[in-house]
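Read-outs throughout are calculated quantities, based only on the coordinates presented, and are distinct from any laboratory measurement. Since we're looking at a predicted model, the values are computed, not measured. Neighbour counts run over all protein chains shown; Cβ positions are idealised from the backbone, glycine included.
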2 protein chains.
Amino acid sequence: MDDDMTSATGRPSAREKLLNAALSVIRTKGYAATTVDDLCRTAGVTKGAFFHHFKSKEDLGVAAAAWWSETTSAFFDSAPYQTISDPLERLLAYLDFRKSILAGELPEFTCLAGTMVQEVYETHPAIRDACDMSISGHAATVEAMIREAMIRYAITAEWTASSLALHIQAVIQGAFILAKAKHGAAVAAASIDHLRRYVEMLFDVGATRSAG
Amino acid sequence: MDDDMTSATGRPSAREKLLNAALSVIRTKGYAATTVDDLCRTAGVTKGAFFHHFKSKEDLGVAAAAWWSETTSAFFDSAPYQTISDPLERLLAYLDFRKSILAGELPEFTCLAGTMVQEVYETHPAIRDACDMSISGHAATVEAMIREAMIRYAITAEWTASSLALHIQAVIQGAFILAKAKHGAAVAAASIDHLRRYVEMLFDVGATRSAG
DNA sequence: GCGAACATACCGACTAGTTGGTATGTTCGC
DNA sequence: GCGAACATACCAACTAGTCGGTATGTTCGC
């Protein structure tokens, strides 16, 4: 991933402007309904610039998913919950954080990867894989927290850290769909409450108090 | 909802063929990528027939969501779990049923409403509302089971039957997204396992055995 | 340290094909 | 013989992608 998009100069390149436009426009209208001209208009660049940096619209889709991965990774890596030392507390704080960022307009907090993969999973395998990497990559960071917490609190379970991490992502993605259907974040927040309760129950929060 | 689509005659009308084509094609390619010609070709009718029955593509989208509601309602109403008298057992059997139908190709078991609303929630409010009605309508039937089970097992909780029913739908919708990203139903099944475990825990299955 | 050769970033008019939608038939049950 | 249910022919607008061209570096022999 050699991204020399700002190429030493301060102002953003056309490529970066197009990618940021893609995050915004695709999350609002979906991938198929987003035209190349839409992106150029939003980014304030011309079509020539678009096809200079991306060989096709699909190529932009793949790059947008990768760019989404990068920006969200940086976002979560610097989130406040990361400083919590106890892995279970950190995991629960992660869920609280996911709930707390359900603010503003829907396109601002919903997931690009989830939105895109839903439309293109059969028609654009390259984009699908890029979206999977984004979602699975984030799930892996959650899985690490879960694994740590399982060891710390000596949890032996039928479920795996991996499956719980993916389940958490499923709940969040599904919460976004309900939020879109009802055009409001409230349902999504309620679903994350249920998810938190489930995690607490799995780790027997309340009963268990001392670590191993 | 006056659907006289077969209009007394045996063979399906163009309208019904178009709606069934819509369920299939839109779940495969998404709404925006589906063209009117796609639908006509799949349904085996001409464009004249299309615009005779639907005043626009958006109108077809709304009708497809309503048609999806009707067919899925009939499907779940006649599902085996409905005969189980104990409401909690019925609820758990519903989840087992949802898991068991994760078979075949992805477009065959994923949700039209969830797929469509994801793309059109900002651009086509009429379709969004039709999708919401489909999802919320189904959630209401699950909510009834939960409510009944809460009374039967004298559950007093911080959560409501309504919020749990919507959470269940969120998990299922999210499971579909992960299944699409990973191009296989396995993740979805694993997520429903977690969901079942959560419901069991909420109703304290194992500890509780006698009804009130 | 200077100019030729080359590379990168970007522009915007153009095109070939597609899209949703229309206008005008035709068929056929009643 | 009339209206609902379809079919055929067509169009204006839009779409992804192309292409010739410009402006601004960068490299390097000398």
With +1 on the Cβ of every Lys and Arg and -1 on the Cβ of every Asp and Glu, the dipole magnitude of region A:64-149 about its Cα centre, in debye rounded to the nearest 20, is 100
Of the listed links A:K180/B:K180; A:K17/A:K180; A:K182/B:K99; A:K182/B:K47; A:K29/B:K180, those spanning more than 22 angstrom between alpha carbons are A:K17/A:K180; A:K182/B:K99; A:K182/B:K47
Expected vector for region B:181-191, Karplus 3J(HN,Hα) from phi with 6.51, -1.76, 1.60 and θ = phi - 60°, integer Hz, x for Gly and Pro, equals 4, 9, 6, x, 7, 4, 4, 4, 4, 4, 5
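R0 = 30 Å: FRET efficiency of B:M201 with B:R152, Cβ-based, nearest 0.05?
Numbers: r = 17 Å, r/R0 = 0.57.
Here the calculated transfer efficiency is 0.95.
Under 1.5 on a/c is rounded, so check that first for the protein assembly as shown, then, if it is not, pick prolate when a/b is larger than b/c and oblate when it is not; a ≥ b ≥ c are the square roots of the alpha carbon gyration tensor eigenvalues.
Details: a/c = 2.25, a/b = 1.07, b/c = 2.10.
Judged from the Cα gyration tensor, the protein assembly as shown comes out oblate (a/c at least 1.5, b/c at or above a/b).
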For B:T160 and B:E58, extending 7 Å from Cα along the Cα-Cβ vector and measuring point to point gives, in nm, a value of 3.2
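Using square roots of five times the C-alpha gyration tensor eigenvalues, list the equivalent-ellipsoid semi-axes of chain A in whole Å, biggest first.
Working: eigenvalues 253, 66, 46 Å².
Three semi-axes, in Å: 36, 18, 15.
What size of dipole, in debye to the nearest 20, comes out for the protein assembly as shown about its Cα centre when the only charges are +1 on Lys and Arg C-beta atoms and -1 on Asp and Glu C-beta atoms? Can you show the working numbers first?
Values: 40 positive and 50 negative charges, 74 e Å.
Using only the charged Cβ atoms, the result is roughly 360 debye.
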To the nearest 10 degrees, the tilt of helix A:14-29 (Cα long axis) against the first principal axis of the alpha carbons of chain A is 60
Check: C-alpha center region A:150-212 vs C-alpha center region A:103-126, spacing in Å is 22
Taking 0.36 nm per residue of separation between A:T35 and A:S100 and subtracting their Cα-Cα distance, the length gained on full extension comes to 20.2 nm
Diffing region A:42-54: the Karplus 3J(HN,Hα) column from phi (6.51, -1.76, 1.60, θ = phi - 60°), in whole Hz with x for Gly and Pro, holds 4, 7, x, 10, 9, 5, x, 5, 4, 7, 6, 8, 10
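With +1 on each Lys and Arg Cβ and -1 on each Asp and Glu Cβ, and nothing else charged, work out how big the dipole of chain B is about its Cα centre, in Debye to the nearest 20.
Here the size comes out at about 480 debye.
Trypsin sites (Lys or Arg not before Pro), restricted to region B:109-212: which are DSSP loop and have at most 10 other Cβ atoms within 10 Å? Display every interim value, and only then the final one.
On the way: sites: B:R128, B:R147, B:R152, B:K180, B:K182, B:R196, B:R197, B:R209; in loops: B:R209.
Here the sparse-neighbourhood loop sites are B:R209.
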Mean per-residue count of partner chain Cβ within 10 Å for B:108-121 equals 5
Within 10 Å of the Cβ of an average residue in A:128-141, the count of other chain Cβ atoms is 2
Within the under-15-Å Cβ sphere about B:D96, not counting B:D96, Lys/Arg +1 and Asp/Glu -1 give a net charge of +1
Chymotrypsin sites (Phe, Trp or Tyr not before Pro) in region B:148-207 lying in a DSSP loop, each with at most 16 other Cβ atoms within 10 Å of its Cβ, come to B:W159
With x for Gly and Pro, the residue-by-residue ³J(HN,Hα) of region A:88-93, computed from phi through the Karplus equation 6.51 cos²θ - 1.76 cosθ + 1.60 at θ = phi - 60° and given in whole Hz, is 5, 4, 5, 4, 5, 5
Within 10 Å of the Cβ of an average residue in A:188-199, the count of other chain Cβ atoms is 5
Once the dipole of region B:1-127 is set up from charges on Cβ (+1 Lys and Arg, -1 Asp and Glu), the residue from the list B:G114, B:L18, B:W67 lying farthest towards its positive end is B:L18
Shortest first and in nm, the label-point separations between A:E89 and its counterparts in the other identical copies (7 Å out along Cα→Cβ) come to 4.5
Sorting from shortest, the nanometre distances separating the label point of B:I101 (7 Å past Cα along the line to Cβ) from those of the same residue in the other copies are 3.4
Under the 7 Å Cα-to-Cβ spin-label approximation, A:Q82 and A:D193 lie apart by a distance in nanometres of 3.0
Given GluC sites (Glu not before Pro), DSSP loops and at most 11 other Cβ atoms within 10 Å, the longest exposed-site-free stretch of chain B is B:1-104
